[in-house]
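A quick write-up on the structure given underneath.
The values are calculated or read from the model by the stated rules, or taken from the named source; none is laboratory data. All values derive from a computational prediction rather than experimental measurement. Because the Cβ atoms are built from the backbone with ideal geometry, glycine has one as well, and the counts that use them run over all protein chains shown.
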Amino acid sequence: MKIVVCIKQVPDTNEVRINHETGTLIRDGVPSIINPDDKNALEEALRIKDTYKDINVTVLTMGPPQAKNALKEALAMGADDAILLTDRAFAGSDTWATATILSAALRKIEDYDIIFCGRQAIDGDTAQVGPEIAEFLDLPQITYVSNLEINENKVIAQRATEDGHFLIESSTPVVLTAIKELNSPRYMSTWGIFKKASNYEIKEWTIDDIVVDRTQIGLKGSPTNVYKTFVPTRNFEGEILDGKTAKEKAQKFLIKMKERHIL
């Protein structure tokens with residue numbers, strides 16, 4: 001069985017700063033991490049590898065050369081192979097264009113049984129790339145996976161929704177998107193760091209290595225763009241309500257809530 005895990009290197013949101021003049025993220029000097037939901041997806045692929053024989057886990061990402069660090073971490077966790085899609089032509093891609101590029105790479109990989117993605121990336125929060133990959137490749141998809149079982153050439157996934165959980169069965173190949181409730185990602189192993197990640201030569205694919213419509217990628221090929229990014233501010237002051245009794249204070253509080261149309 002071949003499993004491909006799509007991951008993304010993202011800025012650590014605890015360290016994100018905004019350029020107030022341009023409204024864009026300041027990425028210089030900001031530490032990068034593997035997107036958390038993607039790490040859950042990788043962990044589930046590695047658990048399948050731990051349980052069954054003849055499982056190959058390939059990690060795929062798109063990004064600048066420094067995205068190799070995310071791939072090395074994935075290799076140190078236990079992945080078998082890693083591919084970096086990197087080219088200036090990919091820069092500025094929105095979710096549509098990103099999914100177009102990743103889908104082209106997946107067509108080149110071929111013979112996959114499961115494609116894992118994280119539910120969404122913390123720097124965009126769109127939850128679109130996984131489902132778009134499934135549509136571009138004409139594959140069944142199960143999103144928001146919180147539990148997973150493998151039964152020969154089928155998967156049985158528990159899908160979490162606001163209304164409860166659904167059990168969904170699908171044949172392979174299939175696209176699955178993971179949420180944090182699915183598992184707890186493992187740490188890198190010492191062997192993985194010093195033997196696997198340090199000695200593995202990561203494959204780099206450019207636009208010339210995949211078959212893709214160049215009008216559908218990059219900034220010009222993206223149908224959406226971020227108009228503005230800003231940090232929410234709170235411009236209000238607290239008010240102390242006087243009263244001789246708790247009941248009197250509560251009545252004044254209710255009046256204030258009605259004045260603000262909260263109640």
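Scanning the stretch 236-263 for residues that are in a helix (DSSP H, G or I) and among the acidic types (Asp, Glu), we see that the one that is farthest from Ile18 (Cα to Cα) is Glu248.
Of the residues Ala104, Ala121, the single one that is aliphatic (A, V, I, L, M), modelled with pLDDT under 95 and either more than 18 Å from the chain's Cα centre (by Cα) or farther than 17 Å from Val211 by Cα (or both) is Ala121.
Check Thr233, Thr224, Thr229 and return the single one that is more than 11 Å from Ala97 (Cβ to Cβ), of a type outside the set (A, V, I, L, M, F, W, C), in contact (Cβ under 8 Å) with a residue 12 or more places away in the chain and in a loop (DSSP other than H, G, I, E, B). If you could, list the steps in order and put the result at the bottom.
On the way: Thr233 fails: in contact (Cβ under 8 Å) with a residue 12 or more places away in the chain; Thr224 fails: more than 11 Å from Ala97 (Cβ to Cβ).
That would be Thr229, the only listed residue that is more than 11 Å from Ala97 (Cβ to Cβ), of a type outside the set (A, V, I, L, M, F, W, C), in contact (Cβ under 8 Å) with a residue 12 or more places away in the chain and in a loop (DSSP other than H, G, I, E, B).
Among the residues of the stretch 187-200, those identified as assigned to a loop (DSSP other than H, G, I, E, B) and either buried (at least 16 other Cβ atoms within 10 Å of the Cβ) or more than 24 Å from the chain's Cα centre (by Cα) (or both) are Met188, Tyr200. On the basis of being hydrophobic (A, V, I, L, M, F, W, C), free of Cβ contacts under 8 Å to residues at least 12 places away in the same chain and exposed (fewer than 15 other Cβ atoms within 10 Å of the Cβ), does Ile26 make the cut? Yes: the conditions hold for Ile26.
Applying the condition of being out of contact with any helix residue (DSSP H, G or I) (no Cβ under 7 Å at 6 or more places or on another chain) and among the acidic types (Asp, Glu) to the stretch 70-101 and asking which residue is modelled with the lowest pLDDT yields Asp94.
Yes/no matrix, rows are residues, columns are (1) in contact (Cβ under 8 Å) with a residue 24 or more places away in the chain; (2) surrounded by fewer than 21 Cβ atoms within 10 Å (Cβ to Cβ); (3) not in a loop (DSSP other than H, G, I, E, B):
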{"position": "Ala89", "(1), (2), (3)": "yes, yes, yes"}
{"position": "Ala97", "(1), (2), (3)": "yes, no, yes"}
{"position": "Ile115", "(1), (2), (3)": "yes, no, yes"}
{"position": "Thr126", "(1), (2), (3)": "yes, yes, no"}
{"position": "Glu132", "(1), (2), (3)": "yes, no, yes"}
{"position": "Leu139", "(1), (2), (3)": "yes, yes, no"}
{"position": "Asn147", "(1), (2), (3)": "yes, yes, yes"}
{"position": "Arg159", "(1), (2), (3)": "no, yes, yes"}
{"position": "Val175", "(1), (2), (3)": "yes, no, yes"}
